[in-house]
Amino acid sequence: MPEEFDFSELRKYLQGQMDMGEEDLLLDEPWTLTRKKPAVPAGTPRPANPMPQMQRPANPAPFPQHSAPAQPAPSPRPAPAPKLDAGLTIAPRAVKKTTAAYELADSIGAFYDALKTDALYARAANVVRYEGPEHPRLLILLAAPKPGEAGSNFFQSPTGEMLVRLFGSLGYAPETLGVTYFYKDAPRALSPILLASLRRMLTKELSFIAPEIMITFSEPLFYDVFSKGKNFNDLAGTALDFNGTKTVSLVDAYTMTTDKQLKWLTWKVHIPRSGLFTAAK
């Protein structure tokens, strides 16, 4: 069959391409050589959504050269406290303390007048005053006046006469004795706050009376004066100190008046124990 087309030029071109080898093969033509794809058997289903390729991270971490245990992350440091400017100072908190009128008294008369204006004695019918010499050798301190009793007539009462004889036996003349009261009105219940005020009042009163020795009578009065920090049974008759005043605590004087055992305990045990009296027996 005679050839209808002249392929001589095409043969020359193809022969020239083959002589150039694969390295110099021109691939700019539509018939560029490509590898054939493997044939897929008929009827094999294709996946609808092929698995996407894994993306590499933008900044991949370097591969460690040597394996080592992971170190714990350091705990965050607390934020530093704000610093005050050098010119700033914190002013101390002012504590307001009021001074009672009786604390400003300059005489014993002014002291008792001031007590009448104090809230502690606002409802008191009378404020019983000290009775005795200017500076007594012995000051008898009682809890509160009994009905009808006052400092001016105490030593004429049975209890007062009994104490005059007792201390007279120790060498103290009646005119060297004085008497006052811790609470200077009819007896009443006293709260710890009121007791603290009465102790301050007694301290101020003693600054004017200035006795050589103060003697308290009864266990309840002992605790009112010295608070609960001391034991009466252990300290009865011993030498004590109340804000600079030598003090001795004895049993209740009113009960002692008719109780011979308490008189014996006072005379034989408590009074000699103190060592403060000049003629103790």
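With a ≥ b ≥ c taken as the square roots of the eigenvalues of the C-alpha gyration tensor of the stretch 131-274, please select rounded if a/c is under 1.5 and otherwise prolate if a/b is larger than b/c or oblate if it is not?
Numbers: a/c = 1.29, a/b = 1.15, b/c = 1.12.
Because its axes are fairly even, with a/c under 1.5, the stretch 131-274 counts as rounded.
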Dipole of the stretch 131-274, positive end: most advanced residue of 214, 170, 251 [Cβ charges, Cα centre]: 251
The stretch 169-235 to the stretch 239-281: how many Å between their Cα centroids? 14 Å
Longer than 23 Å from Cα to Cα, which of 228/260; 204/246; 184/204; 246/268; 146/263; 116/228 are they? Say none if no pair is. 228/260; 116/228
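What is the packing order of peptides 255-264, 140-149, 213-222, taking the mean over residues of other C-beta atoms within 10 Å and listing the highest first? Kindly include the intermediate steps, with their values, before the conclusion.
Details: 255-264: 13.6, 140-149: 17.8, 213-222: 20.3.
The peptides rank, most packed first, as 213-222, 140-149, 255-264.
Taking the Cα centre of the stretch 228-281 as origin, work out the dipole magnitude from +1 charges on Lys and Arg Cβ and -1 charges on Asp and Glu Cβ, in debye rounded to 20.
Charge dipole, the stretch 228-281, about its Cα centre: 140 debye, nearest 20.
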Which value, in debye to the nearest 20, describes the size of the charge dipole of the stretch 131-274 about its Cα centre when Lys and Arg Cβ atoms bear +1, Asp and Glu Cβ atoms bear -1, and nothing else is charged? 300 debye
Give the shape of the stretch 223-281 as rounded, prolate or oblate, defined through the alpha-carbon gyration tensor: a ≥ b ≥ c are the square roots of its eigenvalues, a/c under 1.5 means rounded, and otherwise the shape is prolate if a/b is larger than b/c and oblate if not. oblate
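Throughout, read-outs are computed from the coordinates displayed, never taken from laboratory work. Nothing here was measured: the structure is a model prediction, and the numbers come from that model. Here the Cβ is made from the backbone with ideal geometry for all residues, glycine too, and neighbour counts use every protein chain on show.
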